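The values are calculated or read from the model by the stated rules, or taken from the named source; none is laboratory data. The structure displayed is predicted, hence computed values, not measured ones. Neighbour counts are summed over all protein chains in view; Cβ atoms, including those assigned to glycine, are modelled from backbone coordinates with ideal geometry.
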Amino acid sequence: MIARVEPLTTTRRLSGPFDYAADGFTLQPGSIVRIPFGHQQLDGVVVGLADTTDVPPEKLVAPTSAREDTVPADLVDLALWMAEEYCSTPARALSIVTPPPGKAKTSLWAEPTGETGKLTAKQEELLQRLPGPTGKDLPALRRLEARGLVAISERSERRTPRTNVTADTQHDLTPAQQQALDAIDAGGSHLLHGVTGSGKTEVYLRAAEAALARGEGVIVLVPEIALTPQTVARFQARFGDTVALLHSALSEGERYDEWRRLRTGEARIAVGPRSAVFAPIENLGLIVLDEEHDASYKQDGDPRYDARHVAAYRAYQSGARLVAGSATPRPETVHTMQSLRLPARVETGAPRKPLVFADEPGAPGVIVGGSRSAPALTARRPDGLPPVRILDMRESHHALHPETHRAILASRKSIVLLNRRGWSNFLSCKSCGKAWECPRCDVALVLHRAQHEIACHHCGHKEAVPKRCDACGSLAVARHGAGTERVEAELRQLLDVPIFRLDADTSGAKDAVPELLARFLAAPAGLLLGTQMVAKGHDFPDVTLGVVLDADSTLRFPDFRAEERTFALIAQLAGRAGRGPKGGRVLVQTRSPDAPSILAAANHDSEGFLREELARRKAHDYPPFADLIRVVTSATAPEPARAAVVAIAEQIKVPNTDLLGPAPLFRLRDRDRYQLVLKTHERGAAIHATGEAVAAAARDKAFKEVNFSVDVDPV
Ligand SMILES: Nc1ncnc2c1ncn2[C@@H]1O[C@H](COP(=O)(O)OP(=O)(O)OP(=O)(O)O)[C@@H](O)[C@H]1O
Ligand SMILES: [Zn+2]
């Protein structure tokens, strides 16, 4: 018997599989073997078995060992598909689906056999506490074992990840929820397009229950575990130990045990971020993609897979149902999946009353683009969503609009979003104009006052805050813009309620984020301030005010997704306010008060936004009407990177495909970069041609120093 093995290496220069003699091993596709490879020993994954080989017998060698844990065969197929789909290599794709390192932890366990005998009082007591772990009583228990009174065996011991425990409250479904559930149960792929707080999670829970009842397994994908502790807790509360958690913050032992529990079928629901799409679940019946618009579903390293696309393939491969849920779905998803609508919030507790704020006599209403004197409209929206007011900041020189200022003072509990961390975005010299830039990347350094440093948000470079300009010696250094750190300091002057700041600077330690979210949830009064992290799916019923500062910051990125991101961020933040019986409202500060994405978000009009956005995409031939593939080359000097991308561009000849570029990108981590973008109507052919062209360039000795990265469906 011959095993075809892909050695797990990261180089692009090697193309397997390679044949090994499999006699003496019980191997199957998905077995993991240690193999001699040239002068080294490597791990490899068996991708197929054969009876014959072209390798001459004297050269044919055998693996040195095989691991007990194996990759399910369908995940081997999935990885090989992914290698092609993302212009990666089989080895890189396979290394994503292999089991985590580690092994089961075992301990000794004692049980009474039912035999009786003469016992001392101490021994009597010992028997009373069984069955249980032997612990420090092992010697005494061994003596009882010798007399046949006790049986001692080795048991594997689960290392359980720590999570928030919540009580389970099962609701009777609303008619809209029931209709959605029925459609999901009937099979196929669906987009659950429900406004924020419409009870999407309850629909996922019921769909999962139905899958379990059919004997099927479930995968639930969430953006980031730390930011979605409530969703995770609700699955655990409903389904207990049949839920396994898969994410990177687990210890090695926990990760191994959770993987193993899924592999053996002891656990049947995997919950986790994007990599949980590779959970080893047999007879998969349902994949849930919560907050499907979230950018974290895209993997940054090679292969640059998109868990949403992989989930769709895996659902197709296994015949599983697929549910992608969001209040702000991507245009792509709306275009390709059948939509189920949850048009209104579920009423929780007493019916929501219109909120009257101290600064605003009379009823608040939906006032878009209005000033403080604009007449208040209706008392509350029929869909239960909070009214949103846009505040024009074009004339303002302060971080907070006077109305925002008053509203924050009047609100017990609020959330403020500013999608920029640090104190100020950049520093410049007032006399010579020098701007402080990263020495390794072409970007400005951001001031972090608490750390007394200026830092690069791309590579992590840090230096001391300059006291004078090193170009002209001037002492006048200007600080431009405001980030979360600065706004926090300003708010502290203003407020006597606790301020919880949530951004990449405050969320470093393990468990810091869920702990901060739990403290904010429990606090009777407080203000949660932070970057987009504050706009995720949190459910804080007593938040009555949501504020977005500098709402057009995401619009200023030159990217066809700028509108989509802006709309989603504002609508999601708005969705955090007014979820309880007290209701609430939202203020959006912006210098682009007429931007369609901002107006649509202020009206909670995702249908209108999607209609216009899809029309715009169609007019400009962007996804979902065309596919994009991005190739980036980088090197420590501009010329090799440029020459390599030109060589690739020259080799790609695909009909119905435009090449945009090559064009230089900004320098990153001391590497000069060039990019080429393919815009294509022949997805398969374009991927294939790109893969070939990049592989050829990677093999070319002239480009030995060049790194290549291919991004299919960049986000
Ligand atoms: N049928 C129901 N009856 C009463 N309450 C419900 C019902 N369904 C869900 N809820 C409650 O309504 C609240 C909002 O639901 P949930 O968090 O599932 O909304 P969501 O659509 O997932 O929101 P988001 O998009 O903001 O994440 C939760 O507290 C949930 O327990
Ligand atoms: Zn840098």
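Quick one: in the range 182-194, which of the residues that are of a type in the set (A, V, I, L, M, F, W, C) and crowded, with 24+ Cβ neighbours inside 10 Å is farthest from ligand 2 (Cβ to nearest atom)?
Our first condition is that a residue be of a type in the set (A, V, I, L, M, F, W, C); within the range 182-194, this holds for 183-184, 186, 191-192.
Filter again for crowded, with 24+ Cβ neighbours inside 10 Å, leaving 184, 192.
Values: 184: 46, 192: 40 Å.
So, considering only residues that are of a type in the set (A, V, I, L, M, F, W, C) and crowded, with 24+ Cβ neighbours inside 10 Å, the one farthest from ligand 2 (Cβ to nearest atom) is 184.
Of everything in the range 684-712 that's more than 16 Å from residue 642 (Cα to Cα) and not hydrophobic (A, V, I, L, M, F, W, C), which residue is modelled with the lowest pLDDT? Walk me through it before giving the result.
Looking only at the range 684-712, we keep the residues that are more than 16 Å from residue 642 (Cα to Cα), and these are 684-692, 695, 699, 711-712.
The next check asks that each one be not hydrophobic (A, V, I, L, M, F, W, C); those that pass are 684, 688, 690-692, 699, 711.
Numbers: 684: 96, 688: 96, 690: 97, 691: 94, 692: 94, 699: 90, 711: 96.
Going through the qualifying residues, I end up with 699.
Residue-wise test of (1) closer than 14 Å to residue 288 by Cα; (2) crowded, with 23+ Cβ neighbours inside 10 Å; (3) hydrophobic (A, V, I, L, M, F, W, C); (4) within 22 Å of the chain's Cα centre (by Cα).
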position: 175; (1), (2), (3), (4): no, no, no, no
position: 180; (1), (2), (3), (4): yes, yes, yes, no
position: 203; (1), (2), (3), (4): yes, yes, yes, yes
position: 238; (1), (2), (3), (4): no, no, no, no
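For the range 246-272, which positions are over 23 Å from residue 534 (Cβ atoms) and not in a helix (DSSP H, G or I)?
The initial filter retains those residues of the range 246-272 that are over 23 Å from residue 534 (Cβ atoms), namely 246, 250-270.
Hits for the range 246-272 are 246, 250, 251, 265, 266, 267, 268, 269, 270.
For the range 606-648, give me the residue count where each residue is under 30 Å from the mean Cα position of the chain (by Cα), within 21 Å of residue 440 (Cβ to Cβ) and not small (Gly, Ala, Ser). Working first, answer last.
Kept after step one, since they are under 30 Å from the mean Cα position of the chain (by Cα), are these residues of the range 606-648: 606-618, 620-635.
Now drop any that are not within 21 Å of residue 440 (Cβ to Cβ), which leaves 632-635.
Now narrow it down to the ones that are not small (Gly, Ala, Ser): 632-633.
Of the residues in that region, 2 qualify.
Go through 296, 275, 326 for me and flag whichever is surrounded by fewer than 22 Cβ atoms within 10 Å (Cβ to Cβ) and in contact with an Asp or Glu (Cβ under 8 Å, 6 or more places away or on another chain).
Details: 275 fails: in contact with an Asp or Glu (Cβ under 8 Å, 6 or more places away or on another chain); 326 fails: surrounded by fewer than 22 Cβ atoms within 10 Å (Cβ to Cβ).
Selected residue: 296, the only one of 296, 275, 326 that is surrounded by fewer than 22 Cβ atoms within 10 Å (Cβ to Cβ) and in contact with an Asp or Glu (Cβ under 8 Å, 6 or more places away or on another chain).
Looking only at residues in the range 460-486 that are surrounded by fewer than 16 Cβ atoms within 10 Å (Cβ to Cβ) and within 28 Å of the chain's Cα centre (by Cα), which one is nearest to ligand 2 (Cβ to nearest atom)?
Looking at the filtered set, the residue picked out is 460.
Here is a check on your reading of the model: is residue 440 more than 16 Å from ligand 1 (Cβ to nearest atom) and either touching a helix residue (DSSP H, G or I) at 6+ places or on another chain (Cβ under 7 Å) or closer than 24 Å to residue 591 by Cβ (or both)? I'd like the intermediate steps shown before the answer.
Working: more than 16 Å from ligand 1 (Cβ to nearest atom): yes; either touching a helix residue (DSSP H, G or I) at 6+ places or on another chain (Cβ under 7 Å) or closer than 24 Å to residue 591 by Cβ (or both): no.
So residue 440 does not fit the description; no.
Return the total of residues in the range 299-329 being free of Cβ contacts under 8 Å to residues at least 24 places away in the same chain, over 23 Å from residue 205 (Cα atoms) and either among the small types (Gly, Ala, Ser) or not in a loop (DSSP other than H, G, I, E, B) (or both).
Number satisfying all stated conditions: 1.
Can you list the strands (runs of 3 or more DSSP E) lying wholly within the range 416-461 that have 1 or more residues being within 18 Å of residue 473 (Cα to Cα) and of a type in the set (S, T, N, Q)? Talk me through it step by step, then tell me what you get.
On the way: elements: 426-429, 446-448, 453-455.
By residue number, 426-429.
All but one of (1) closer than 30 Å to residue 585 by Cα; (2) of a type outside the set (Gly, Ala, Ser); (3) more than 16 Å from ligand 2 (Cβ to nearest atom) hold for residue 421, so report the exception by its number.
(3)
Here are the criteria: (1) surrounded by 15 or more Cβ atoms within 10 Å (Cβ to Cβ); (2) farther than 24 Å from residue 292 by Cα. Tell me which single one residue 540 does not satisfy.
Of everything listed in (1) surrounded by 15 or more Cβ atoms within 10 Å (Cβ to Cβ); (2) farther than 24 Å from residue 292 by Cα, residue 540 misses just condition (2).
Could you please find all residues in the range 203-217 being in contact (Cβ under 8 Å) with a residue 40 or more places away in the chain and under 29 Å from residue 569 (Cα atoms)?
203, 204, 207, 208
For residue 504, are the conditions met, namely being under 22 Å from residue 296 (Cβ atoms), within 16 Å of ligand 2 (Cβ to nearest atom) and of a type in the set (A, V, I, L, M, F, W, C)?
On the way: under 22 Å from residue 296 (Cβ atoms): yes; within 16 Å of ligand 2 (Cβ to nearest atom): yes; of a type in the set (A, V, I, L, M, F, W, C): yes.
So residue 504 fits the description; yes.
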